[in-house]
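Peer 1: A single structure is presented below for examination.
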Amino acid sequence: DKLMDAAIKEDQLAVVDFYASWCGPCKYLEPLYIQMAKDFKDKPVVFIKLDSANLPDMNQQYGVTAYPTLLYFYRKKDKEVARVVGANEKKIEGKVKKWIEKIEKGTFKEQPLELPTDADP
């Protein structure tokens, strides 16, 4: 978890893409992920891609059971604030925007993990 410790700064969102190199939906998301990294380069967010297909311990630790799974962390490792399972571009980008806005406005409050719903962006 040294990767997570190094990547997640105190007031920064980290979006970690747990993917597999053989996964079709993961390959489909790659251009979006690259574009988001460019679009949000001046925002308090870092994007991390982690080929976790051969990392069963890490998958178990973070509850990853399908690819792609994107986990959103804030403040310190293990402070997961949201997750998206699957290649839902609208949800993935919507959650990035939502949490960046909360960080920039100072309205982020430590809270339990958001459970995904169909109404979520």
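Peer 1: Given charges of +1 on the Cβ of Lys and Arg and -1 on the Cβ of Asp and Glu, with all other atoms neutral, how large is the dipole of the range 52-93 about its Cα centre, in debye to the nearest 20? Walk me through the intermediate numbers first.
Peer 2: Numbers: 7 positive and 5 negative charges, 43 e Å.
Dipole magnitude for the range 52-93 comes out near 200 debye.
Peer 1: A further question on this structure: Once neighbouring chains are kept in place and the probe is 1.4 Å, which whole percent of the accessible area of the range 23-83 is contributed by carbon and sulfur? Kindly include the intermediate steps, with their values, before the conclusion.
Peer 2: On the way: 1670 of 3300 Å².
Carbon with sulfur: 50 percent of the solvent-accessible area.
The values are calculated or read from the model by the stated rules, or taken from the named source; none is laboratory data. Note that this is a predicted model, so its numbers are computed, not measured. Positions of Cβ are generated from backbone atoms using ideal geometry, with glycine treated the same way; all protein chains shown enter the neighbour counts. These area figures cover heavy atoms from the full protein model, side chains too; ligands, DNA and RNA do not enter into them. Shrake-Rupley method; radii C 1.70, N 1.55, O 1.52, S 1.80 Å.
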